[in-house]
Amino acid sequence: MKAIVQREFGAADVLVLEETERPSPGPGQVLVRVGAAGVHTLDTVIRQGQAPPTMPPHHLPMTPGREVAGTVAEVGPDVPETWAGKRVVVHVGFLNGGYAEYTVAPAASLHALPEGVAFAEAVAAIGTGRTAQLVLNAAPPGPQDTVIVTGASGGLGNQLAYLSLAAGAKVVALYGGEAKRAAVTAVRGRDGAVPLTVDTSAEDWVEKMRAELEGGATIVYDGVGGPVARACLESLTRGGKHVVVGWASGGPVEATTAELIDRALTFTGVLGAPIRELRVLETHALEAVARGEVKPLVHPFPLAEAAAAHTAIEGRASRGKVVLVP
C-alpha cells in the first residue's frame with residue numbers, strides 16, 4: 001500500500017510517499033481502508049519534533065495522522081464481525097498512521113457513520129468538530145447572544161460559525177483576505193440565517209466590525225490571538241465571555257486581570273487541560289453534521305501531497321478542514 005513516511009523531524013518536505021506493507025489488526029483493532037485522513041495543526045508541530053509534553057514521544061520512522069474515515073476492511077481478534085464492511089470514522093489518538101491507504105484503529109473508538117455523512121465531513125467532525133463542541137460547552141451561545149468568531153475561514157472557526165447560527169445567535173465572522181471570503185460567505189443556518197462578515201486585512205476592519213455589532217459582542221471565540229483578538233476583546237459588552245482556542249497569528253491575546261475584573265469579563269482557555277468525555281463530544285459533532293446544522297468546509301489534498309497540506313496550514317493558506325484523500 002501507499003503511505004506517507006516520515007524518517008526525520010523537520011520541514012514539510014520530510015513527508016514522503018512510499019510503498020509500505022499493509023498493517024494487520026491486532027486484538028481489539030480493525031483495519032480501515034482510508035477514505036479521508038484529517039490533517040491538524042498539531043500534526044505540523046509533531047512533524048517538527050515539538051510535540052507537547054502531554055503526548056508520548058514519537059519514534060521515527062512513522063506515518064502521521066490521527067483522524068481517519070473509511071471502510072472497515074478487516075477485524076482483529078475479539079472484534080465483532082458486524083464491524084466488517086461498515087463505514088466508520090475514528091480518532092486513533094497516539095497510534096498515528098492515518099496518512100495511508102490503510103490503517104489500524106481501536107475498535108472501541110469507532111463511530112459508525114450516520115447516513116449521508118461523507119468521509120471528509122466525518123473527519124472534520126471527529127477531530128475539529130469535537131473541539132468545536134468543547135468550545136461551545138465553555139460558552140454556550142443562544143438567541144440573546146452576539147458572537148464574534150475569529151478565523152472563520154478555518155476548519156474550527158467555520159464550524160463555530162455554523163453552530164452559533166444553529167443556536168440562534170447573531171454571528172460576526174472574521175476572515176483575513178479576499179481569498180478566504182468565499183469560505184465564510186458560504187455559511188448558512190438551516191433557517192437561512194447568515195453571518196455578518198468582516199475582512200481583517202482591511203485597514204478599517206475594526207470600525208466595520210463594531211458597526212456590525214451594534215452595541216458589542218457577548219461572546220468571542222478566538223483562535224487567532226494577537227491584535228485581532230485584542231480588538232475583539234475590547235468589543236465585548238460588560239459581562240461578556242472570551243474563549244481562547246488558539247493563536248494562529250503567533251501569540252495569544254493580552255489582557256490584564258484588572259481589566260477583566262473591571263468589565264466583569266469571563267476569560268477561558270479550553271485547550272491544554274485534560275478533556276473528558278471525548279466520545280460524547282465526537283458523537284455530538286457527528287450528529288450536528290448529520291442534522292445539517294454544520295456543513296464542514298473541507299480543503300482536500302491528494303495523499304501524495306501531504307507536504308503541501310502541511311505547508312498550507314503553516315502558511316495560513318488553508319480554507320476549512322484540511323484532509324488527505326488516498
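Listed here are the residues, each with its yes/no results for (1) outside any loop (DSSP other than H, G, I, E, B); (2) buried (at least 20 other Cβ atoms within 10 Å of the Cβ).
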{"site": "Val79", "(1), (2)": "no, yes"}
{"site": "Ala105", "(1), (2)": "yes, yes"}
{"site": "Pro114", "(1), (2)": "no, no"}
{"site": "Gly129", "(1), (2)": "yes, yes"}
Requested in this report: Kindly indicate whether Gly49 is touching a Phe, Trp or Tyr at 6+ places or on another chain (Cβ under 9 Å), on the phi > 0 side of the Ramachandran plot and not polar (S, T, N, Q).
Outcome: yes
Report task. Please state which one of Val243, Val206 is touching a residue at least 12 places away in the same chain (Cβ under 8 Å), under 21 Å from the mean Cα position of the chain (by Cα) and either assigned to a loop (DSSP other than H, G, I, E, B) or over 21 Å from Glu314 (Cα atoms) (or both). Result -> Val243
Query raised in the report: Do we find a residue being surrounded by fewer than 21 Cβ atoms within 10 Å (Cβ to Cβ), more than 18 Å from Arg66 (Cα to Cα) and not assigned by TED's automatic domain parsing to the domain that holds Val149 anywhere in the range 281-288?
Result: yes
Requested in this report: Answer yes or no as to whether Gly250 is in the same structural domain as Ser201 (by TED's automatic domain parsing), of a type in the set (Gly, Ala, Ser) and at pLDDT 95 or above.
Outcome: no
**Report entry** Matching residues in the range 11-47 - criterion: being in a loop (DSSP other than H, G, I, E, B), touching a helix residue (DSSP H, G or I) at 6+ places or on another chain (Cβ under 9 Å) and of a type outside the set (A, V, I, L, M, F, W, C)
**Finding:** Pro25, Gly28, His40
Requested in this report: Specify the residue that is farthest from Tyr99 (Cα to Cα); the eligible residues are those in the range 64-77 that are β-branched (Val, Ile, Thr) and surrounded by 18 or more Cβ atoms within 10 Å (Cβ to Cβ).
Outcome: Val75
Query - Filter result (among the hydroxyl-bearing types (Ser, Thr, Tyr) and surrounded by 15 or more Cβ atoms within 10 Å (Cβ to Cβ)) within the range 1-47 - result: Thr20, Thr41, Thr44
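Matching residues to (1) in a helix (DSSP H, G or I); (2) crowded, with 21+ Cβ neighbours inside 10 Å; (3) touching a residue at least 60 places away in the same chain (Cβ under 8 Å); (4) β-branched (Val, Ile, Thr):
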position	(1), (2), (3), (4)
Arg190	no, no, yes, no
Val194	no, no, no, yes
Val198	no, yes, no, yes
Ala211	yes, no, no, no
Val224	no, yes, yes, yes
Report summary line: Per the filter on the range 242-278, residues surrounded by 10 or more Cβ atoms within 10 Å (Cβ to Cβ) and either under 18 Å from Ile126 (Cα atoms) or of a type in the set (D, E, K, R) (or both) are Val245, Glu254, Glu259, Asp262, Arg263, Val270, Leu271, Ile275, Glu277, Leu278
Requested in this report: Determine if the range 295-306 includes at least one residue that is touching a His at 6+ places or on another chain (Cβ under 9 Å), of a type in the set (A, V, I, L, M, F, W, C) and outside the structural domain of Gly250 (by TED's automatic domain parsing).
Outcome: no
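The values are calculated or read from the model by the stated rules, or taken from the named source; none is laboratory data. Computed from a predicted model, the values in this text were never measured in an experiment. Virtual Cβ from ideal backbone geometry, glycine too; neighbours counted across all protein chains shown.
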